[in-house]
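Here the structure comes first, spelled out in structure tokens, and everything after it is commentary.
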Amino acid sequence: MPLTFAAPTPESIPLHIVEPGGLENWLLDRSEAETAWVRLNGFTGKIGQTLLVPTEGGATLALAGFGTAKDRARTRYALAAAAAKLPAATYDIATGLPTELLETECLGWLLTGYVFDRYRKKSDAGALLVAPVGIDVPRVEAIAAAEVLARDLINTPTSDMGPDKLAEAAEALAKQHGARFNAIVGDDLLEQNFPMIHAVGRASATPPRLIELAWGTEGPKLTLVGKGVCFDTGGLDLKPAASMLLMKKDMGGSANVLGLAHMIMAMQLPVQLRVLIPAVENSVAGNAFRPSDILTSRKGLTVEINNTDAEGRLVLADALALAEEDKPDLLISMATLTGAARVAVGPDLAPFFTDHDADAATLSAAAKRVDDPVWRLPFHEPYESKIDPGIADLDNAPSGGFAGATTAAMFLRHFAGEARYMHFDIYAWMPASAPGRPKGGVGQGIRALFEALPEMLDL
């Protein structure tokens, strides 16, 4: 469902956002009856507290607790915690929201309206918000729509989101924005030299494909590559059953790049955008690729398969090689690639790799501004030896268990070639619900990237 601001109405309830340290000052301007009501109900301004206050004039105002700065540093979308508890009505922010937090907190409010209701009864609308003065409404609504797109794609089970349906979703997005769409499917992948995408996906009943979306004719070239493994059994190196439970989300990289693409196109950033998604299912069948196989990539580099469950980097490699051939000004890949990244930084941070210190600094600063946390991990050159198998050019799954996120990123860097390259190893899933972020699929790093792109590309 669309997450948008409400139209102004005379019936809108004024909303006052109050921190614990500011409550007494706010009460100075209220009547004795209103003050008594606030105290009687125990409102202190803690994050998530709400209170409807009857005024002497017969109207109603609302209070929302905003917590202290220290409290807000331990969560995200502090206002969303209150929005989720307010009675269904339309609210208009009257006081208390700092200008520098306006966009992020209003976005959080909109995101409280997200419900993945494709397979169950639709929920009633909750508390609605009138856009405050000074906010860039189209931008915030575009970001919210991008988040909805990413979440919906990730949350949809593979029965309804296989490689073919992922292609349909990308094509629908292309039509929405007047972008160009193409898909290379099945054995055509071999004819057009995408052998590793084909090898990973050939055992599935749904043929593998390389999805391409292109938009814009002027400006710097920006290419986004997203891992589209719609389900990952592990292949012949079969995952345990418990490890398959979340594998519908293994296309989270593709969902996130499509979300970022929506922001870029909706806000008309002056770039030449290209999106590449290798979409496959890593399945088990008689024609599945095997441990110890050696595959030849689009780039010509050979890869020894030491674990068929390290398939994401294989499909990304062919897509990155294609991307690099076009000499993009910036190449970004996003993938739910390694458990090692989650061990390193947990599910809430989006780790990224880049050789460009200026890009890392720009992105990190942008991430703080929009409350979309990222963390730089290293390309550590001495680890190159770990992805050298001896009988092929590269090893897809080095033994030993150490530095798994780094070695995977270094593997991909070989295929990005000389491009200015940034790789994200994201989780794309909320293990537990939080304000504005219900349990399930989630966007990671894309708001930070959208905020950083104008500076990174000199737009």
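The values are calculated or read from the model by the stated rules, or taken from the named source; none is laboratory data. Given the structure is predicted, the values throughout are model-derived calculations rather than measurements. Note that we place each Cβ from the backbone using ideal geometry, even for glycine, and neighbour counts take in every protein chain shown.
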### Task
Could you grab me the full set of residues in the stretch 359-413 that are touching a residue at least 24 places away in the same chain (Cβ under 8 Å), of a type in the set (Gly, Ala, Ser) and in contact with a Ser or Thr (Cβ under 8 Å, 6 or more places away or on another chain)?
Ala392, Gly404, Ala405, Ala408
### Query
Mind checking whether some residue in the stretch 416-430 is among the acidic types (Asp, Glu), under 25 Å from Thr354 (Cα atoms) and not in a strand (DSSP E or B)?
yes
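Rundown of residues vs (1) surrounded by 23 or more Cβ atoms within 10 Å (Cβ to Cβ); (2) in a loop (DSSP other than H, G, I, E, B); (3) assigned by TED's automatic domain parsing to the domain that holds Gln444, yes/no style:
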| site | (1), (2), (3) |
| --- | --- |
| Asp124 | no, yes, no |
| Ala145 | no, no, yes |
| Asp164 | no, no, yes |
| Glu168 | no, no, yes |
| Leu189 | yes, no, yes |
| Met196 | yes, no, yes |
| Pro207 | no, yes, yes |
| Thr223 | yes, no, yes |
### Test for Thr75: is it modelled with pLDDT under 95 and either assigned to a strand (DSSP E or B) or at negative phi (or both)
yes
### Task
Go through the residues of the stretch 317-339 one by one and say whether even a single one is part of a helix (DSSP H, G or I) and more than 19 Å from Leu276 (Cα to Cα).
yes
### Message
Looking only at the stretch 54-94, filter to residues that are more than 11 Å from Glu19 (Cβ to Cβ) and among the polar types (S, T, N, Q); which one of those is farthest from the chain's Cα centre (by Cα)?
### Response
Thr55
### Query
Looking only at residues in the stretch 103-115 that are at pLDDT 95 or above and hydrophobic (A, V, I, L, M, F, W, C), which one is nearest to Val148 (Cα to Cα)?
Leu111
### Task
Could you please let me know if Asp318 is in contact with a strand residue (DSSP E or B) (Cβ under 8 Å, 6 or more places away or on another chain), surrounded by fewer than 20 Cβ atoms within 10 Å (Cβ to Cβ) and under 30 Å from Glu218 (Cα atoms)?
no
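Residue by residue, here is whether (1) in contact with a helix residue (DSSP H, G or I) (Cβ under 8 Å, 6 or more places away or on another chain); (2) assigned to a loop (DSSP other than H, G, I, E, B); (3) surrounded by fewer than 16 Cβ atoms within 10 Å (Cβ to Cβ); (4) touching a residue at least 24 places away in the same chain (Cβ under 8 Å) holds:
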{"position": "Thr4", "(1), (2), (3), (4)": "yes, yes, no, yes"}
{"position": "Pro10", "(1), (2), (3), (4)": "no, yes, yes, no"}
{"position": "His16", "(1), (2), (3), (4)": "yes, no, no, yes"}
{"position": "Asn25", "(1), (2), (3), (4)": "no, no, yes, no"}
{"position": "Ala33", "(1), (2), (3), (4)": "no, no, yes, no"}
{"position": "Arg39", "(1), (2), (3), (4)": "no, no, yes, no"}
{"position": "Gly42", "(1), (2), (3), (4)": "no, yes, yes, no"}
### Query
Which of the following residues is surrounded by 16 or more Cβ atoms within 10 Å (Cβ to Cβ), without any contact (Cβ under 8 Å) to a residue 40 or more places away in the chain and of a type in the set (A, V, I, L, M): Leu86, Leu101, Leu63?
Leu101
### Task
Can you confirm whether the stretch 92-110 contains a residue that is under 30 Å from Gly312 (Cβ atoms) and not β-branched (Val, Ile, Thr)?
yes
